[in-house]
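**Q** Once you've had a glance at the structure underneath, I'll fire off some questions.
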Amino acid sequence: MSEGARKPVVAETREELSAVRSAVEGTLALVPTMGALHEGHRSLIRMARQSADVVAVSIFVNPLQFGPGEDFDRYPRTFAADLQACADEGADVVFAPSREVMYPAEPQVTLRSGPMGARVEGVTRPGHFDGMLTVVLKLLNLVRPDVAVFGEKDAQQLAMIRRMVADLNVPVEIVGHPTVREPDGLALSSRNRYLSAAERGTALALSRALRAGEAAVQGGPDAIRGAARAVLDTAVHAAPPLGLDYLVLVDPATFVEVTAAHHGPAVLAVAGRVGATHLIDNLPLQLGSPKER
Ligand code: PAF
């Protein structure tokens with residue numbers, strides 16, 4: 001651990017977690033992660049510290065949310081560095097269960113993410129949101145936090161978690177944290193480490209497309225989509241090329257595409273593959289003049 005950083009208590013089993021949880025005095029905030037922690041995760045931990053007396057970080061690469069042929073096996077596992085990051089940011093507890101601890105038996109009962117989970121990212125990653133919601137609900141049940149903090153970079157994930165908490169009356173407050181970006185605009189992601197320099201150059205088109213869409217906000221939904229698409233059209237012919245999965249302008253609560261007449265909040269979301277790496281990004285926008293909203 002770095003100088004002065006207090007080592008978090010590490011719980012690997014449900015029993016260890018239960019003992020740690022029982023000893024917590026005051027409120028508890030959870031930051032659920034799959035590890036490979038970067039500055040984005042660090043900012044979630046800092047926000048969690050502002051939200052509660054005690055901060056727990058979970059680190060678990062959840063097999064249920066990866067489809068066949070996705071990167072579950074090669075997903076970066078960097079536990080020692082993650083523990084250091086948690087210590088540096090003042091996390092009190094790290095819950096790092098094994099697959100056997102989280103799934104002692106093949107689960108028979110899992111969550112279905114419904115129509116919302118089949119939209120947008122759910123089209124390219126069928127079943128992803130079912131697996132994600134299942135593990136998030138399990139983590140909330142195990143850790144019993146007062147607050148749980150998630151990044152807005154996974155905007156559809158965050159919207160689905162908010163919906164699950166509302167629909168199933170889960171007693172937790174969900175807090176979102178704005179996307180953290182590199183100085184050139186690339187959204188931080190654990191998967192960025194897969195990118196070669198040339199691939200990273202192509203990947204920059206995602207955030208540039210979002211900024212182009214934002215610059216066209218006065219023109220309304222069609223202008224926003226058109227401006228963003230123009231940037232992506234260039235990137236699909238770049239070397240290496242961007243394999244565009246989607247560009248959508250959606251209602252932030254439902255992820256249904258907004259109409260040409262839409263006023264109010266919307267999310268411009270984009271996803272694609274550069275080489276073998278799947279990347280997503282989004283930007284929240286306000287459509288319509290303040291008078292019209
Ligand atoms: O965003 C992530 O890292 C994961 O989807 C989450 C929320 C930790 C569930 O596995």
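The values are calculated or read from the model by the stated rules, or taken from the named source; none is laboratory data. In this text, all values refer to a predicted model and were calculated from it rather than measured experimentally. Using ideal geometry, Cβ is built from the backbone for each residue, glycine included, and neighbour counts are taken over all protein chains shown. Heavy atoms of the whole protein, side chains included, go into the accessibility calculation; ligands, DNA and RNA do not. Shrake-Rupley method; radii C 1.70, N 1.55, O 1.52, S 1.80 Å.
**Q** Name, by its number, the condition in (1) on the phi > 0 side of the Ramachandran plot; (2) touching a residue at least 40 places away in the same chain (Cβ under 8 Å) that does not hold for ASN169.
**A** Result: ASN169 passes all but (2).
**Q** Outside any helix (DSSP H, G or I), away from the ligand (no atom under 14 Å from the Cβ), of a type in the set (Val, Ile, Thr) and farther than 15 Å from PRO145 by Cα - does that describe any residue in the range 1-12? Talk me through it step by step, then tell me what you get.
**A** Start the filter on the range 1-12 by keeping residues that are outside any helix (DSSP H, G or I), which leaves 1-12.
This time we only want the ones that are away from the ligand (no atom under 14 Å from the Cβ), so: 1-12.
Next cut, of a type in the set (Val, Ile, Thr) only: 9-10.
Right, trim to farther than 15 Å from PRO145 by Cα and you get 9-10.
Looking through the range 1-12, at least one residue is outside any helix (DSSP H, G or I), away from the ligand (no atom under 14 Å from the Cβ), of a type in the set (Val, Ile, Thr) and farther than 15 Å from PRO145 by Cα.
**Q** Please go through (1) out of contact with any Leu (no Cβ under 8 Å at 6 or more places or on another chain); (2) open to solvent by 50 Å² or more (accessible area, probe 1.4 Å); (3) under 30 Å from ASP73 (Cα atoms) for GLN286 and return the number of the only condition it doesn't satisfy.
**A** (3)
**Q** Are there any pairs with C-beta distances below 6 angstrom linking a residue in the range 44-70 that is in contact (Cβ under 8 Å) with a residue 24 or more places away in the chain to a residue that is open to solvent by 60 Å² or more (accessible area, probe 1.4 Å) and not in a loop (DSSP other than H, G, I, E, B), with the two at least 6 apart or on different chains, and if so which?
**A** Final answer for the pair search is VAL55/ARG49.
**Q** Across the range 90-111, what is the number of residues that are within 16 Å of the ligand (Cβ to nearest atom) and among the charged types (D, E, K, R)? Step through it out loud before you land on a result.
**A** Just the residues of the range 90-111 that are within 16 Å of the ligand (Cβ to nearest atom), to begin with: 91, 93-99, 101-103, 107, 110-111.
Now drop any that are not among the charged types (D, E, K, R), which leaves 99.
Total satisfying the criteria: 1.
**Q** Quick one: in the range 257-283, which of the residues that are open to solvent by 70 Å² or more (accessible area, probe 1.4 Å) and of a type in the set (D, E, K, R) is farthest from the chain's Cα centre (by Cα)?
**A** Across the range 257-283, the extreme among qualifying residues is GLU257.
**Q** Is it true that some residue in the range 249-256 is surrounded by 19 or more Cβ atoms within 10 Å (Cβ to Cβ) and in a strand (DSSP E or B)?
**A** yes
**Q** Inside the range 18-127, counting only helices (runs of 4 or more DSSP H) that do not spill past its ends, which hold 3 or more residues that are open to solvent by 60 Å² or more (accessible area, probe 1.4 Å) and charged (D, E, K, R)?
**A** Helices (runs of 4 or more DSSP H) meeting the threshold: 39-51.
**Q** Return the residues of the range 18-42 that are away from the ligand (no atom under 16 Å from the Cβ) and not basic (Lys, Arg); say none if nothing qualifies. It would help to see each step written out before you state the result.
**A** Within the range 18-42, the first condition is being away from the ligand (no atom under 16 Å from the Cβ), and the residues that meet it are 18-28.
Within the range 18-42, SER18, ALA19, VAL20, SER22, ALA23, VAL24, GLU25, GLY26, THR27, LEU28 qualify.
**Q** Could you tell me whether ASP251 is modelled with pLDDT of 95 or more, touching a Ser or Thr at 6+ places or on another chain (Cβ under 8 Å) and under 19 Å from GLU121 (Cβ atoms)?
**A** In short, no.
**Q** On the basis of being crowded, with 18+ Cβ neighbours inside 10 Å and of a type in the set (S, T, N, Q), does SER196 make the cut? Before you say what the answer is, go through the steps one by one.
**A** Working: crowded, with 18+ Cβ neighbours inside 10 Å: no; of a type in the set (S, T, N, Q): yes.
No: the conditions fail for SER196.
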